[in-house]
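I have a structure here, written as structure tokens, and I will follow up with some questions on it.
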């Protein structure tokens, strides 16, 4: 829709330029006639003087209408175009009048376009009549001459009204479409905030249920050890060891959440080395991560920052989900290039939760996976997430850029 709007605006600019050129041509022809016949020079000079004024008005039109001065601008434009119609006939002056009437319809209303047409026609007719007042026959002749000139001009100006209605309808549809786009963007922003809010609430709930439960066990063990130290020292020390083990679990849980919520990589790392750094940051939580790749994919990641960013974000999201939701023990990351496409596959087990589900089912995508899918679609790629009875699979396929693909073909 935006490109169509731009082409319409360019067409209007071209029409304005053509109309001004036609007006200048009409003035030049009048000057030529005045040299031969000896009259018509004031009319030509009037058209020459009006041409730059109308050009300035058309140039200022978007700003004036945007500032809410459409009525004033239309009245001024119609008044400035009146001298064109007063002495005009079916010649090069018509395009300028057509645009004046069309802009009156677009910037104000249909009634304004009709009023402009009636005004221009009536003024032209009145001047033909008033210019022939020597006798009754001259008045009648002037009226007939005025009708001969004015009626065709008025009919042509009706085409200006039709053009204005078409442009006004387009502007209204464009405004409605823009309003719809704005509402959709607003709805998408709200949905994004709701998804983030749900994600934060779920994370807080899991932190409370997991870490909070361990801290409660530590407190209870230490309290029991304090009560039992004078009665049963062995049991007291057992409770202290239990508190120590639980503290270790709590610290591991906290490290897992810190890494899952902020899986950063070093800014200077590129290619597969960056994937290894991301994997290493998750290995510190006890997760086993295996990364396999080929030389072509390593070179492509170092060459194409756009595809590299998509791959890095997908790996971070896949490892985060494996750690937080599946409580996986093992994650495998496979990266390679096949048929001019970068293919990334991430698989993880359900080792810590036993969260096995029905074979080959598609999970409900959360905010993170939906973001990955949108990123892949922006680059003409795709994302597929599914679970089997033993593992969760995340695949991303994105075509290589044409330059990179041709470079690989030349190298091969």
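The values are calculated or read from the model by the stated rules, or taken from the named source; none is laboratory data. Small disclaimer: the values here were computed from a predicted structure and weren't measured. Using ideal geometry, Cβ is built from the backbone for each residue, glycine included, and neighbour counts are taken over all protein chains shown.
Considering every residue within the range 35-49, establish whether at least one is closer than 19 Å to residue 9 by Cα, assigned by TED's automatic domain parsing to the domain that holds residue 84, out of contact with any strand residue (DSSP E or B) (no Cβ under 6 Å at 6 or more places or on another chain) and buried (at least 16 other Cβ atoms within 10 Å of the Cβ). Let's see the steps before the verdict.
At the first step, the residues of the range 35-49 found to be closer than 19 Å to residue 9 by Cα are none.
No.
Got a number for residues in the range 217-238 being out of contact with any helix residue (DSSP H, G or I) (no Cβ under 9 Å at 6 or more places or on another chain) and surrounded by 14 or more Cβ atoms within 10 Å (Cβ to Cβ)?
0
Still on this model: When the residues of the range 257-269 are filtered to those that are surrounded by 18 or more Cβ atoms within 10 Å (Cβ to Cβ) and under 31 Å from the mean Cα position of the chain (by Cα), which remaining residue is modelled with the lowest pLDDT?
Checked the range 257-269; the qualifying residue modelled with the lowest pLDDT is 265.
Which one is modelled with the lowest pLDDT among residues in the range 377-412 that are part of a strand (DSSP E or B) and crowded, with 19+ Cβ neighbours inside 10 Å?
Looking only at the range 377-412, we keep the residues that are part of a strand (DSSP E or B), and these are 382-387, 391-399.
Checking the rest, the ones that are also crowded, with 19+ Cβ neighbours inside 10 Å come to 383, 385, 387, 391-392, 394, 396, 398.
Details: 383: 92, 385: 90, 387: 86, 391: 89, 392: 91, 394: 93, 396: 94, 398: 93.
The selected residue is 387.
From 181, 190, grab the single residue that is within 30 Å of residue 317 (Cβ to Cβ), modelled with pLDDT under 80 and in a helix (DSSP H, G or I).
Working: 181 fails: modelled with pLDDT under 80.
Unique residue meeting the criteria: 190.
Let me ask something additional. How about the range 299-312: which of its residues are within 18 Å of residue 279 (Cα to Cα) and either surrounded by fewer than 17 Cβ atoms within 10 Å (Cβ to Cβ) or not assigned by TED's automatic domain parsing to the domain that holds residue 273 (or both)? Lay out the reasoning, then the answer.
Step one: list which residues in the range 299-312 are within 18 Å of residue 279 (Cα to Cα), which gives 301-302, 308-312.
Correct list: 302, 309.
Separate question: Which one is modelled with the lowest pLDDT among residues in the range 318-343 that are buried (at least 21 other Cβ atoms within 10 Å of the Cβ) and within 17 Å of residue 382 (Cβ to Cβ)?
318
Quick grid of which residues meet (1) at pLDDT 85 or above; (2) assigned by TED's automatic domain parsing to the domain that holds residue 294; (3) crowded, with 19+ Cβ neighbours inside 10 Å:
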{"residue": "240", "(1), (2), (3)": "yes, no, no"}
{"residue": "244", "(1), (2), (3)": "yes, no, no"}
{"residue": "248", "(1), (2), (3)": "no, no, no"}
{"residue": "252", "(1), (2), (3)": "no, no, no"}
{"residue": "255", "(1), (2), (3)": "no, no, no"}
{"residue": "276", "(1), (2), (3)": "yes, yes, no"}
{"residue": "279", "(1), (2), (3)": "yes, yes, yes"}
{"residue": "284", "(1), (2), (3)": "no, yes, no"}
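Let me ask something else. When both residues are 6+ apart or on different chains and their Cβ atoms are under 8 Å apart, which pairs have a first residue that lies in the range 171-188 and is exposed (fewer than 10 other Cβ atoms within 10 Å of the Cβ), and a second that is modelled with pLDDT of 80 or more?
none
Considering every residue within the range 344-364, establish whether at least one is modelled with pLDDT of 60 or more, touching a strand residue (DSSP E or B) at 6+ places or on another chain (Cβ under 7 Å) and closer than 14 Å to residue 296 by Cβ.
Scanning the range 344-364 turns up at least one residue that is modelled with pLDDT of 60 or more, touching a strand residue (DSSP E or B) at 6+ places or on another chain (Cβ under 7 Å) and closer than 14 Å to residue 296 by Cβ.
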